[in-house]
């Protein structure tokens, strides 16, 4: 029977490249000269810490990060933004969590979305991925397109399509 897996992830090397490009952009831009704007990628904890002097600079750095991520073919749904915190002095910081893997809550939501489509497919939660099987490939492709257009705030990837 045809099947495919739904996963959530990103390429850490591409994310590292995007962060390095933003760092280079910050050092080259005139409006960031003499400021404390920076961003650091923590590969172990899978998060980014953005520091800036003002809200305007924070928004600009976030926009630059999103632009570079799109240029590196990374989904911006990977970024889960935390609250902007006031740190010592006049600087602010924001933690950006990088989402990978599908949590149990999100996998249940995806499972119910697939079942609500009323197609002849079945879905099973297998750890951090979901396997969808069906008799017709057309039904599986319909599931893929409906999940892509759904309100799920995760960078879903469809892998292991088997006939």
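Annotations
- Rounded to the nearest 500, the helix-only mean residue ellipticity at 222 nm of the chain stands at -12000 deg cm²/dmol, with each DSSP H run of n ≥ 4 adding -39,500 (n - 2.57).
- Value of relative contact order over the stretch 12-98, rounded to a whole percent, pairs C-alpha under 8 Å and six or more apart: 31 percent
- Extended-chain gain in nm, criterion 0.36 nm per residue less alpha-carbon gap, residue 104 and residue 13: 30.1 nm
- Cα centroid separation, the stretch 1-58 to the stretch 110-157 (Å): 30 Å
- Reported label for calculated Rg/Rh (Cα atoms, Kirkwood Rh) given (1) 1.09; (2) 1.04; (3) 0.94: (1)
- Two-site label geometry, residue 30 and residue 1: point separation in nm, points 7 Å out along Cα→Cβ: 6.4 nm
- Sorting the segments 51-61, 150-160 by their residues' average number of neighbouring beta-carbon atoms within 10 angstrom, most packed first, yields 51-61, 150-160.
- The chain - percent relative contact order, Cα under 8 Å, separation 6 or more: 35 percent
Each reported figure results from applying straightforward, stated rules to the coordinates on display, with no laboratory input. In this text the structure is predicted, and so the values were computed from the model without any measurement. Don't worry about glycine lacking a Cβ; one is built from the backbone with ideal geometry, like all the others, and counts go over all protein chains shown.
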